[in-house]
Each structure stands twice: as C-alpha cells, then as structure tokens.
C-alpha cells in the first residue's frame, strides 16, 4: 500500500487555487450520467449531496435516521470558526491555519488545514444566505465568541444550537434537491458493505431498516460521511445510533485507517450518575467563555461549593495556563480535570467531577445576559441534574466526544480505495491529534460544500468507469457477506444482550485507551478485547428476525464492528510511543505533566492496512512536513 | 444526580403493533426498581433488557441523540406527547417527574399522516416532504454574498431563531385534535419570512408548503393551542398567525397575477 497525499506543490496559500485549476472537469451535460452515492446526511453528507446535485450529478443519499435532518451534527452546540476577522482582533486565514495545526499538536497535514481555514470564510457566507439565524449585534451584524485554543473571537453561533441551525441549512438545501428530483433520499437505510469492482468503489449494500430487505445500490463513486467512532466507549456524547460500520467495512475492503488512537475526550460533560446510564451530555465549550473551572484545594473537601471560600479554591486552568486560562484546548482541559480528580479533589458523587462556576459572570453581567447566551444549555443541565446552575456551579467531567482518527484520505479526500471518498468526521484529515472547538462544523461543511464537489469531478473525469451489472459477481459476493453476517447474529441465541457487550467494551476502552494510556494497560486491553469479541460471537442474544424492524439486530452489527475497531485503536495507541494532543501516554510526559512529543520518531500519520482475519494489520506511515507552521512545543501558558 | 431518591415501581400499558399492516393492542409491563435519575428512555431500556432476558420482543421506540435536539424520540405518555414536563422531549424527561406506583399509558403519535411503523415508531416522512416543497432559500453553493453584506436587526434575527428552534419531532401533530401540522410548517415559514434572505420566495413558499401539508392529509388549525403546549421547544402559535397572514397575502398576489395574465391574454 502506498500513501500518496497528492498535496499540490507550491506555496501554501496557492495550493488549493492551483489545484482547482489543474483538476479535470466533467462537462455539464455529462454530469447527470454519473451516479454518486453519499452515505450519511450530517453536515458533510447533506452539504455534499446537495452541492453535487446542484452541479448536475445523479445523487443518492442514505441515512439510518428516519429523516436526514436528525444526523448527529444537529447536537453540536457552541459554534463554527471562520477567519472573517469581523472583530478586528488580528484574525486571518493564516492564524486560523496556525491555531488549528498547533491545536492538533503538529500531527495534521499542513495543506489540508490551510485549505480548511481558507474555505471557512465562504462557509459563513453560504449559511447566512440560506437563512441560518446566527447571533447578531444590535447593529445587525454578526456576533462572535471565543473558543478554546484561540486568542481571537472567530466563532459564529446560533444560541447553543449552532449545529442544529447549520444542519437545518444543509438539510434545506438537500430537501430542495430532493424536491427537484436530483437527489434520491433513502432514510432508515443502513450501509453494511461497500462494493468494489476492479478495485474501485462502485456501490454499497444497504439494509432497509423497516422491511429488512437487502439491496445493492451502484454508482460511479461512493462518498462516506458517516461520522466518528467515539461510541466505541459506549458512554459518549454521540447519538445512540452513531456507529463505525461504514468506515470499518471499508477498512476491511482495503481503505487504510488513519490514526485510530486519536480520540477527543471533551472536558465539559455532565458526569456519569448511574449504571443504567445510556449516554453522556455535553455542556458546550462556549460556557468556558464565562464559566470558571475549579476544585477545592483540599482533598476530600465535601462542603457545598458556596461554603468553600475563594482562597480555598483551585482555579487550576487559570493557575496552570494563565494566558489561555479556562479556554485551554480540550485535551489539556480534560487531562487537568482527570488529574484533579485522581488527586482526590474531585467533587460530587464518586469524586469524578469539577465545578464550572458562573457566579462571577452573573455578578458582572447579570443573570439575564447569561440566560441570553446560554439559556438552553442551562435549562438542559437543570433537566438532567435537577440542579439550578444559576444558583450552584455546574458539575462537569470529560467524556468521549469526537474522533480525529478515521479513514485515511489524500488531498482530494479519497481513501486508498479508488472512488471511495471520505468526508467530515469519518476521515482523519484536518485535526491532527486534537481538534479545537468549533472546528468540526467547519470541516464538515468545508468538505461537503466546497471540496468534494470539485475533487469528485476530477476523479470521474480521470477514470474509465464501465457500467456495473446488478448481477456482477462482486455485487453478489458483497450481498452474500451481508446475508451471512445477519444470519449468524440471529443464530447465536446466547444469554447476554448486545448492550451488555457494548458496555463491557466501553469499560475496557475507557480504562485503557481513554484520557491516559500506558503500555501495560494497552497490552491488557489487547488481551481483553479479543476475548470479549469471542464471547460476543458465542453468547449474544439477538431476538426476532431480519425481515422486520429489529433494533437489536441493528445494534448487534454495530457492536460487532466496534469490538474489532477497539482493538485497532489500542494497537495504534501502543505503537505511538509518544504523547501528542488527545493521545497521552503516561510514559511520555514532561516534568509538569504535559504531553511530550517525539518528532524524530513519530512526526507522521499512522495508517493501518487490514491484513485478513486473525492477522496483525500493517502499519504504514505518511511523513508530515511543517514548512509554514514550524514544529514547536505546544504551550498555552 | 442530586436527588438520590428512592427507586420507583411503575406499571406501563404499551402500544404494541408488529408493523403497519397488523392491528395493535396494549400490553402491560411492570417497570421495577427505576431510579428517579434515569431518563424516560433509560427506563424503557431497562424494561427492554428485561424483555430480552425473557426472550420477549423488546418495545421498539425511536430515539437517537438523547439530548433533546434531534427530534427522533416521541411517545405519548398518558395522553401528552413527550410526557408531563413542559418544553421537554421524552429523552430529557427524567423519572423524578413520576410518583412511585404510577400507571403510564404509552402510545405512538397518532395521526393519519404518520402511519405506525412498529410499536411506538411512526413514519414522519410527510414533514420532510413539506420542507422539500418550499422550506428553503434557493441559493446554490457558492452563490452567497459576504455574510455581513445584509445587516439584520437583532430582534428579527432572534425571532427567526425562536422559530428555527423547531426539531421536527411531530409532537404538535400528535397533540392537535385535528392532527394539523400548522405549527411545524409555520415555524419554517416564519423563520424565513422574518429574514431578508427569505423575501424573494416568501409568498410562493407559503403556498407550496401549505399545499403539501394538505396533500399529506394533515388537518387544519382551529386554534386549540395544544401544539404549543406540547412543543418541546416552546414554538409559539403566533407563528401560525404569521403564516396565515402570509398565506392570505400570497392568495391575493396569486389572484392578481392570474387577473393580469387574463388581461394580457384578452388584450
């Protein structure tokens, strides 16, 4: 396997412009002859499907939800970054590029990140034109707020519902194309296998989740926009249906998996409160604009927060990182919370929590101002915890939130399988080892609106793609694989539910491959996961049949894939013998507990190639070069 | 997490229906040892795990984000869509809202335009088709002027955001005695009518969306206001008034157009 990034030569600010000129075009009259299959309808998938349909391609779009509007991009709260410099505070495309590379701890590809920063500006224009109701100042112009890892205000937002509003914008563009007959939408359809013909991605096998019917859909290119795999931890801020099946099936057919160990544990989530818990809820990073994070200075201090005097509180982020304070990047803020709790200074039941306190901001700005900015988040917190955050500080703890790793793609967002493109969180591309807040929405929409519509044309114009017959042996083979897997799930008839296995996997992953990792723990996990997987295939109980709506069967397929992916994550984490961003190996840290990178040995992307059942996957590397954002120790002090 | 209250025992009468073609019926289950800190859907998870242990078919219910924003979940609890708590989705409803020994009847959204798929799951595709009929600004990718080129009064932007907060769950339809989708449709109509970007297509939009709404078999609004009371996002019925105004204007405009077309044909 050869990893060619295909990043264009030349100065960084000219690369994308040059590439857009050099890419081949598909004649407008020929575009409708090309069918493109888009899997997923979140920010990346919906914007890609709509934009490619506007260009004239024949698009089919698939999602497991009952409507494309429900994809989990909708839950993003805080905002979207763009280098508009509307605040006149010194922002620029280069600064956004630099902040993103630095935030990712110098483990992302420069060319991609620069293009992302460049495109950010157009995204805001596009969304405003669609009628996205961004927050505004009294003069009628757009408002901004600050997010972690930046010292400028470049985050655009729509209350605490930015993801929802951006997704509804992309969804409305998609629905317009559906109404025009340019996109055929398949809700409640789950992709279970890619179809490769002559080594190229030519279609997918889907299951109609209502009737259970399997169907192959064929086309000239496939775009996966299926999101991240953070639900491998079971408890996560992801939606319950989020899964890795599409990317994992593609991996097993030859798409390299980039940096699987790069996961983001978000610092501000509502803490776990019971065994039965099914998910964790994020409290937006934007709250760190006005909320101050602290724990008691004393270990085991069980006084109510209001009873703890100011000088007995440790505002540990402000103390350790005075220049960024509470807006330190996510990986750093999460680790600091873990350290405080490990030190016995955590608050709340079980001591796994820290305070996020708004009393200063309420005193300074008034309760109404805080309500206007964060009202819906405060309400959500109150609904879940039965505590009023206007009166008592929120309690928060880190949780699995995002995965920077994903399928490896080149500059054209194409995987190592020709024709298989991967966009949004599903790819590994732009965030290195840690993603900055408000950058996921930016990347999803950049990929979907402004990158894939160009690069897909270049692929289609460069390849000779004969029509694939519905009864082609490769189509039949993929269908047979899906039928056989389904049969196996239903035939096991064991004693434990799918959720029990998912929880057990989540516990292993959180303990050994979570916020802190070490060789011993990872090796233990690499023993435990295959054993658990073995038990799953012996003892899982999936009732009912395929030919009906069967939620246990849906979950079984997803958890079976997580049980394989979890192992690859641990393997990748074990072999990356350094700490960088969200990947913190306890053996590699500075004297004051910061991540210690090893640029000599690990300034590269690790991309894993599937080698067959029972065989160790092959680790390939793509060297990373930093010509514009020079390698430096990340400091937020 | 602060309540640490005593666990609850509940009786559930749950609508079970194999698929769209089969007849449905209520089946009674006991939900035992339920923590008051569980969400309503976590309570159903516990019941389902118990059913699977007994080799019985678990209750099918729609859900996804479990944080009140995707609009997937929805169950009628003792006659109220999303249950008793105001402005709260079923996934954000917690068991501390119920008393020990409570008897709960769980049903799917009931409306002609929302056929039952299985148990508590319905098909809400009609709402997507209303959006596809006109719930958008026709702006192709790459066509946009600078985002700050058109200032928008903060108050208009805030009102548009209030309307845009709709999550498309369909509780308004389930709550309405006429199974009307007016609150849903008017929320999108209002959002775009309040913003300058929405003006060029304003009157076409309202006509197309209401026509689709009728074609899907939703009823008409007779001002009960049940929709607003059930809405988990507090969408106001004043949006319906705004849509009605625009609809009347649109009809006048369409009438005038037809007259002009008639005049020029005659001339």
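Nothing in this text is a laboratory measurement; each read-out follows from the coordinates by a stated rule. Keep in mind that this is a model prediction, so the values were computed, not measured. As a convention, Cβ positions derive from the backbone with ideal geometry for all residues, glycine included, and neighbour counts pool all protein chains shown.
Here are a few things to note about the model shown:
- Kirkwood Rh in Å, taken over region A:122-263 so that all alpha-carbon pairs contribute: 18.5 Å
- DSSP beta bridge pairing in the protein assembly as shown, given as percent antiparallel to the nearest 5: 70 percent
- Cα gyration tensor, the protein assembly as shown - rounded (a/c under 1.5), prolate or oblate: rounded
- Contact order relative to length of region B:8-118, as percent, for alpha carbon pairs under 8 angstrom and 6 or more apart: 35 percent
- The calculated FRET efficiency for the pair residue B:19 and residue A:495, based on their C-beta separation and a Förster distance of 41 Å, comes to about 0.90.
- A full extension of the chain between residue A:618 and residue A:633 corresponds to an added length of 2.4 nm, given 0.36 nm per residue minus the alpha carbon distance.
- Distance between modelled label sites at residue A:371 and residue B:11, nm, 7 Å Cα→Cβ extension: 4.2 nm
- Residue B:56/residue A:33 FRET efficiency (R0 41 Å; Cβ-Cβ; nearest 0.05): 0.20
- FRET efficiency for residue A:589 and residue A:488, using Cβ-Cβ distance with R0 set to 51 Å, rounded to 0.05: 0.70
- The slack between residue A:215 and residue A:462, meaning 0.36 nm per residue of separation minus the straight C-alpha distance, is 86.1 nm.
- With an a/c value of 1.5 or above and a/b not larger than b/c for the gyration tensor axes a ≥ b ≥ c computed over the alpha-carbon atoms, region B:8-118 is described as oblate.
- Kirkwood hydrodynamic radius of region B:86-217, from the reciprocal of the average inverse Cα-Cα distance over all distinct pairs: 17.1 Å.
- Using a Gaussian network model of chain B in which every pair of alpha carbons under 10 angstrom is joined by a spring, one finds that among B:172, B:70, B:227 the greatest mean-square fluctuation is at B:70.
- Just so you know, the averaged projected area of the alpha carbon convex hull for region A:473-601 sits at 10.4 nm².
- Intensity falloff of region A:337-445 expressed as log10 I(q)/I(0), Debye formula with alpha-carbon point scatterers, at q = 0.14, 0.19 Å⁻¹: -0.79, -1.00
- Normalised by the number of residues in region B:106-225, the average gap of Cα pairs under 8 Å and 6 or more apart makes the relative contact order 33 percent.
- Volume in Å³ per residue [convex hull over Cα atoms, computed for region A:26-149]: 158 Å³
- Dimensions in Å of region B:177-267 - Rg and Dmax from alpha carbons: 15.2, 55
- Against chain A, whose longest principal axis is taken from its Cα atoms, helix A:93-103 shows a tilt of about 80°.
- A:588, B:218, A:602 arranged by Cβ crowding within 10 Å, fewest neighbours leading: A:588, A:602, B:218
- Full extension of the chain between residue B:211 and residue B:154 yields a length gain of 17.3 nm, computed as 0.36 nm times the residue separation minus the alpha carbon distance.
- Mean residue ellipticity (222 nm) of chain A, computed from DSSP H runs ≥ 4 via -39,500 (n - 2.57), nearest 500: -11500 deg cm²/dmol
- Summary value for chain A: 21 percent relative contact order, contacts being C-alpha pairs under 8 angstrom separated by 6+ residues.
- Cα gyration tensor shape for region A:70-127, rounded if a/c is under 1.5, else prolate or oblate: oblate
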